[in-house]
Every structure is written in structure tokens, then in C-alpha cells.
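Only the coordinates and a few stated rules stand behind these numbers; no lab work does. Everything quoted here is computed from the prediction, not taken from an experiment. Positions of Cβ are backbone-derived with ideal geometry, glycine not excepted, and every protein chain shown enters the neighbour counts.
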């Protein structure tokens, strides 16, 4: 279990904009530590966003996404009070889901 | 039903051989099916894994910086104005693994996303879009003054 994500979801004229910051090291598997050993890759591979249980965005990420990843997207529909949930999974089998209420 | 079974056996066979030869690791073999393109190390291979040669299109609007001071955090975004867009991929041409991220849009979701990626050096950021089963692409160069892929 990683640290909580910071998610903001805002409805405006029938379109909901979601912005999220996830806490993750996103180690690319290219860097070396001080003894010259490669630090193994550890990054988010899959993301799913849902609105009231319906999937509104799914994503697959490689190792090139930055540390503590940022993601912004928007979808039609969604009203203040609805729930938006975001789930990530990483290549070590860890996952986390956080939910926010649309403002 | 039999075909599926055949395919499963065939795929396991081929991948199994590659694993035993040590060409690819088991993790990569498992990942190969679900995540096309992410394990490829060249830009051309990554595009091929997505389904071949995309047509250039100015209807893909790239929101990438001209100059990125820090290659570890490069804000990238793109919007596809092509009707019927279902998928979008971000590729960083000269990265060790060019395919950075892929997004799938169900109906009703704007085909407009933003995220942040790492860039090893000055190169083209290419966005490939799938609309009605066809591939389109647009790219733009971002100059990186400090690489972000370690080393």
C-alpha cells in the first residue's frame, strides 16, 4: 500500500475534470546506486479511473512516467457529490485505490 | 474453443522457448501479452507493437514544452480532435524504453490527457492516436538540458 493519492475532481457545465497526484517512486530500472548496482524497476503499470462505478479512463504506463506521477483528464457527466475513484497497480503487485467526491 | 486452446499452447510454446534460451526473462514473457510495446527498446519497434505505421495528423494537438530544464519531470499533454479516438500513446523517441504511457478512452471521456514523463535527452515526443481502428501520429521536439533517466 502506497501513500494516499491527492485527487481533485471538479464538475463544470456537465464536464468533470479530474487531476491527481500519486505518490510513487517510479524507479525506471536505469539508475545505479552508489555501489554501481542497477536499482530494479518499480513503477505503476496500470491505472483505472471510474465514476460511480463506470470506467472513465484506463491507462497503461511504462517506466518513463515521472516520480510521483501527475494525471489530468476530463469526462462528460458527473455532478457535485458523485464519487470518482482512481486505482493504480505497480509491477511489484502493489496497488492502491482512492476515492473523492466531485466538487 | 479449440482454436483458443491451440493458441494458448502455441504462445506458451514460443514464449517458453525464448525464456529457456534466456533471451527474455519470465517477467517480460508474462508482460508481453498484456502490454504491447512497453518492453521494446527502439522507437520503430514500439510503433510496430502498437499496430504499424500511423498517418501524420495535425488534429492531434501536442502540449509539450520546447525546452525542458529538468528531464526527470517533463509535463506532456495531448488532445486528439480526430473523431472516434479510442486510444492514445505517448512515445519519447530516444528513451531507453520509448513507450511511456498509453491511455484508453471509453465513450464520453475527453480525448485530452496530461501527465509528466522522464526524458533522457533532447528528442521528439510523439503521440500516436487510434481512431476507428486507424493510427495517427504527431510529434514535436523537446530540448532537454538535464537528462532524467539516471546513469
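In this structure, residue B:141 and residue B:82 have a Cβ-Cβ separation that, at R0 = 35 Å, corresponds to a calculated FRET efficiency of about 0.95.
Between A:82, A:33, A:90, the residue with the greatest mean-square fluctuation in the GNM of chain A (Cα pairs under 10 Å linked by springs) is A:33. Between the beta carbons of residue A:103 and residue A:32, assuming R0 = 45 Å, the FRET efficiency works out to 0.55 to the nearest 0.05.
Would you look at the GNM of chain A, springs on alpha carbons closer than 10 Å, and say which of A:35, A:58, A:74 moves the most? Judging by the Gaussian network model, the answer is A:35. Distance from the Cα centroid of the range B:96-119 to that of the range A:60-98 is 11 Å (rounded to whole angstrom). Across A:89, A:54, A:37, mean-square fluctuation computed from a Gaussian network of chain A (C-alpha pairs under 10 Å connected) peaks at A:37. Modelled label positions at residue A:12 and residue A:87, each set 7 Å beyond Cα in the direction of Cβ, lie 3.0 nm from each other.
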